[in-house]
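Student: Below you'll find the structure I mean.
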Amino acid sequence: MVLLGGLTACSSSDDDTATADDDSARVSEAPSSTGDDDGADSAASADDTAADAETDTATVVEDPCAPGASEPTLVTVGLQTGRHGMTTGYWIAMAEEFGYFEEVNIEIDDVAASSATDLLNGLTAGELEVNVMGSAGMISASQGADMIAVAGAVNSSIWEPISASEFQTWDDLRGATIGVSNVNGVNAHAFRQMAELAGLDPETDLEFIQAGATAEAFLALRGGQIDALPAAPPTNFLAADEGFTTYGFAPEGTDVPKISALQILTSREWAESNDVVLTCFMRGILRLIDFVEDPSNRDEVIEVSLPILQGGSSTIEDEHLIQAIELYIDDPLLAPYVWHDLHLPEDSFQAAMDIFIAGGSIEADNAIAYEDFVDHTYIDAAIAAEE
């Protein structure tokens, strides 16, 4: 497969245009000479300079991601929880709002889905071309479906344990009831791993029950039906303000648990048939990440973020949303694993695979291998083109 055929960085800036114009100006201002040799040399120099200018212009035009290189390509993207999902669709919505997809000649048709099954079925049926979702594609791929992860968007736990106020330390949680979305799921695994790092035996010291996603489980905590839960931001900040105990994203002195929590998923068939389009799509995301991580853009990032994040049924206060935004961008423990590098590390992949095998979703003998599921071709090409 030939990818982008010598793709160069998309460059439609005034500086590049000015360089070509300056070269042309030097051609027209080249001094004349009465000598034949000098005249020939001058003409040759002018021809060379003009050729250089044409080459510079051709370099810009030949970038397949440059606006005007072709008609914009529509990409249908499935978003788990939709555009307002803080670790999912929000990032795609932001790239669109800031015009980064337009810059790389991509149009987005985003489709919200609350169910991973709906997203996977849509991808298989060809109704969706790219999904931004959890790691359930690993299950489908292990069952023989044509699915690959082209990026790892979130490669660690994003859940902070919170508990009723009568619990103040990890040791206090012995015997506690922990509400999770699925007792064999990713957030339950993250809680177990943190508990173990804190010195507890999660199998004997804790009881896990299904209580729904973070919002539902938090309601159960408020109502006293559970003692604790792994809370995704911004719920953890809301809980802290309400007097609940928070435990950080990893026990003191340890690192955040590594796990593939969010992937950019597509089919290998679509990726190989649309290699240029997929690479341009990834370039748009990379440009957003660069913009968001620049501290000088923080006020603008927050201004654009809040309406997107409040676009669903959220009733979270702006201050808690801002805390969550800044956590994912700045926190030294968490930020390196959340919409930053976009490569999916093998240890994060394996942690997710171990969960699926332990829960019975994947038979160990059928588990897809890392190298067969993860394909960094397109993100690597995007990074090279943006350098």
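The values are calculated or read from the model by the stated rules, or taken from the named source; none is laboratory data. The shown structure was predicted, so the numbers you read here are calculated from the model rather than taken from an experiment. When we count neighbours, we look across all protein chains shown, and the Cβ atoms used for this are built from the backbone with ideal geometry, even at glycine.
Student: Anything in the range 117-128 that is more than 10 Å from Leu265 (Cβ to Cβ) and out of contact with any Gly (no Cβ under 6 Å at 6 or more places or on another chain)? List them, or say none. I'd like the intermediate steps shown before the answer.
Tutor: Within the range 117-128, the first condition is being more than 10 Å from Leu265 (Cβ to Cβ), and the residues that meet it are 117-118, 121-122, 124-127.
Within the range 117-128, Thr117, Asp118, Asn121, Thr124, Ala125, Gly126, Glu127 meet the criteria.
Student: What single numbered condition from (1) under 14 Å from the mean Cα position of the chain (by Cα); (2) closer than 29 Å to Pro67 by Cα; (3) buried (at least 20 other Cβ atoms within 10 Å of the Cβ) fails to hold for Val277?
Tutor: Among (1) under 14 Å from the mean Cα position of the chain (by Cα); (2) closer than 29 Å to Pro67 by Cα; (3) buried (at least 20 other Cβ atoms within 10 Å of the Cβ), Val277 violates only (1).
Student: Going through the range 227-260 one residue at a time, which ones are more than 18 Å from Tyr337 (Cα to Cα) and in a strand (DSSP E or B)?
Tutor: Ala228, Leu229, Thr245, Thr246
Student: Considering only residues that are within 25 Å of Leu321 (Cα to Cα) and among the β-branched types (Val, Ile, Thr), look in the range 186-225 and name the one that is farthest from the chain's Cα centre (by Cα).
Tutor: If we take residues in the range 186-225 being within 25 Å of Leu321 (Cα to Cα) and among the β-branched types (Val, Ile, Thr), then Thr214 is farthest from the chain's Cα centre (by Cα).
Student: Moving on. Anything in the range 138-169 that is closer than 16 Å to Glu363 by Cα and out of contact with any Phe, Trp or Tyr (no Cβ under 8 Å at 6 or more places or on another chain)? List them, or say none.
Tutor: Of everything in the range 138-169, those that are closer than 16 Å to Glu363 by Cα and out of contact with any Phe, Trp or Tyr (no Cβ under 8 Å at 6 or more places or on another chain) turn out to be Ser140, Gln143, Gly144, Ala145.
Yes/no matrix, rows are residues, columns are (1) surrounded by fewer than 22 Cβ atoms within 10 Å (Cβ to Cβ); (2) of a type in the set (D, E, K, R); (3) touching a helix residue (DSSP H, G or I) at 6+ places or on another chain (Cβ under 7 Å):
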{"position": "Trp270", "(1), (2), (3)": "yes, no, no"}
{"position": "Gly284", "(1), (2), (3)": "no, no, yes"}
{"position": "Asp294", "(1), (2), (3)": "yes, yes, no"}
{"position": "Val304", "(1), (2), (3)": "yes, no, yes"}
{"position": "Tyr337", "(1), (2), (3)": "no, no, no"}
{"position": "Phe349", "(1), (2), (3)": "no, no, yes"}
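Student: Which of (1) in contact with a helix residue (DSSP H, G or I) (Cβ under 8 Å, 6 or more places away or on another chain); (2) under 16 Å from Asp172 (Cα atoms) does Pro257 not meet, given it meets every other one?
Tutor: The one condition Pro257 does not meet is (2).
Student: Further question on the same structure: Considering the range 310-334 alone, what residues qualify as being more than 28 Å from Asp255 (Cα to Cα) and not in a loop (DSSP other than H, G, I, E, B)?
Tutor: Asp318
Student: What's the number of the condition Ile92 fails, among (1) closer than 20 Å to Pro234 by Cα; (2) of a type in the set (A, V, I, L, M, F, W, C); (3) outside the structural domain of Arg287 (by TED's automatic domain parsing)?
Tutor: All conditions are met except number (3).
Student: Exactly one of (1) assigned by TED's automatic domain parsing to the domain that holds Pro332; (2) free of Cβ contacts under 8 Å to residues at least 60 places away in the same chain; (3) farther than 19 Å from Ile355 by Cα is unmet by Val132. Its number?
Tutor: Failing condition for Val132: (2).
Student: Do you know which residues across the range 291-309 are of a type in the set (D, E, K, R) and either touching a residue at least 60 places away in the same chain (Cβ under 8 Å) or assigned to a helix (DSSP H, G or I) (or both)?
Tutor: Matches in the range 291-309: Glu293, Arg298, Asp299, Glu300, Glu303.
Student: Quick one: count up the residues across the range 350-387 that are in contact with a strand residue (DSSP E or B) (Cβ under 7 Å, 6 or more places away or on another chain), hydrophobic (A, V, I, L, M, F, W, C) and under 20 Å from Met282 (Cα atoms).
Tutor: Number of matching residues: 3.
Student: Suppose we keep only residues that are modelled with pLDDT of 95 or more and acidic (Asp, Glu) within the range 332-348. Which one would you say is farthest from Glu371 (Cα to Cα)?
Tutor: My answer is Asp347.
Student: Could you tell me which residue of the range 57-100 is farthest from Met282 (Cα to Cα), considering only residues that are part of a helix (DSSP H, G or I) and of a type in the set (Val, Ile, Thr)?
Tutor: Thr57
Student: Also, I was wondering about something else. Are there any pairs, at least 6 apart or on different chains, whose C-beta atoms fall under 7 Å, with the first in the range 254-272 and under 15 Å from Ser157 (Cβ atoms) and the second among the charged types (D, E, K, R), and if so, which?
Tutor: Once the first residue is under 15 Å from Ser157 (Cβ atoms) and sits in the range 254-272, its partners that are among the charged types (D, E, K, R) give Lys258/Asp347.
Student: Can you tell me which residues in the range 101-126 are assigned to a strand (DSSP E or B) and small (Gly, Ala, Ser)? Spell out the reasoning first.
Tutor: As a first pass, look at the range 101-126 and keep what is assigned to a strand (DSSP E or B): 106-113.
Across the range 101-126, the qualifying residues are Ala112, Ala113.
Student: Sort out which residues of the range 373-384 are touching a residue at least 24 places away in the same chain (Cβ under 8 Å) and of a type in the set (Asp, Glu), and write them in order of number.
Tutor: Asp375
Student: How many residues does the range 351-387 hold that are surrounded by fewer than 22 Cβ atoms within 10 Å (Cβ to Cβ), part of a helix (DSSP H, G or I) and within 15 Å of the chain's Cα centre (by Cα)?
Tutor: 2
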